[in-house]
Amino acid sequence: GEVIQPSAKVEADEDYFATAKKNRQKALDEAQEMAEETLKSANASDTERENALKSINVMASRIEKANNIETLINAKGFEKSLVIIGESDVSVVVKSEGLTTTQTLQIQDIVTSYTEIALSNIKIVTIK
């Protein structure tokens, strides 16, 4: 059967989502800069250049998926959401007093439709 992760409750101020998204973009920008430096480096091997390109593509894909998932979660009535996609897990943070089973299933359905992540590796956290 499906595993429904219990929601962890976290208290945060109103800027949590904006700050987290800004930090996510900053980390992406820094990683892209490093990859671009590798691509430009005269000393970089073909393998290093290939790995740098793959890294950029993986990061861009994850950010695009996270943005799409956030848009769909917000369309389900959540005021704010943040999605972080890792190698083998996804963390979803939503602004909510608590989630119903239906809301949890909706979020899991959205995440699994955009990723290959197993339900057991989807963590949903609520922030008031």
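The values are calculated or read from the model by the stated rules, or taken from the named source; none is laboratory data. All figures in this text were calculated on a predicted structure; none of them were measured in a lab. Cβ sites come from the backbone with ideal geometry, for glycine too, and all protein chains shown count toward neighbours. All accessible areas refer to the heavy atoms of the entire protein, side chains included, with ligands and DNA or RNA removed. Shrake-Rupley method; radii C 1.70, N 1.55, O 1.52, S 1.80 Å.
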Relative to the chain, whose Cα atoms define the longest principal axis, helix 101-114 and its Cα axis are tilted in degrees, nearest 10, by 20
Surrounding net charge for ASN43, when Lys and Arg each add one and Asp and Glu each subtract one, Cβ distance under 14 Å: -1
Accessible area, probe 1.4 Å, largest first, for residues ILE69, ILE117: ILE117, ILE69
Please calculate the 1.4 Å probe accessible area of ILE122, with all protein chains present, and give it to the nearest 10 Å². 0
Mean residue ellipticity at 222 nm from the helices of the chain, using -39,500 (n - 2.57) per DSSP H segment of n ≥ 4 over the full residue count, to the nearest 500 deg cm²/dmol? -19000 deg cm²/dmol
If I compute solvent accessible area with a 1.4 Å probe over the protein chains, what percent of it on the chain is carbon and sulfur? 49
Counting DSSP beta bridges with both partners in the chain, what percentage is antiparallel, nearest 5? 35
For the chain, whose charge dipole is built from +1 on Lys and Arg Cβ atoms and -1 on Asp and Glu Cβ atoms, the candidate among SER41, THR102, LEU53 with its Cα farthest towards the positive end is THR102
Divide, for the chain, the radius of gyration over alpha carbons by 2.2 N^0.38 Å, where N is the residue count. 1.21
I'd like the orientation of helix 16-40 relative to the chain: the angle between its Cα long axis and the longest Cα principal axis, in ° from 0 to 90, rounded to 10. 20
Return P(r) of segment 26-71 (all Cα-Cα pairs; 5 Å bins starting at 0; whole %; ordered from short to long distances). 5, 24, 25, 20, 13, 7, 5, 2, 0
Mind checking the per residue accessible area of the chain for me, 1.4 Å probe, whole number of Å²? 62
Structure shown: which of LYS40/LYS123; LYS22/LYS123; LYS40/LYS80; LYS22/LYS95 lie over 27 Å apart, alpha-carbon to alpha-carbon? LYS40/LYS123; LYS40/LYS80
Roughly how many debye, to the nearest 20, is the charge dipole of the chain about its Cα centre, given +1 on each Lys and Arg Cβ, -1 on each Asp and Glu Cβ, and no other charges? 300
Note down the magnitude of the dipole of segment 72-119 about its Cα centre, charges +1 on Lys and Arg C-beta and -1 on Asp and Glu C-beta and zero elsewhere, to the nearest 20 debye. 220
Helix 46-75 versus the longest principal axis of the chain: what is the Cα-based angle in degrees, 0 to 90, to the nearest 10? 20
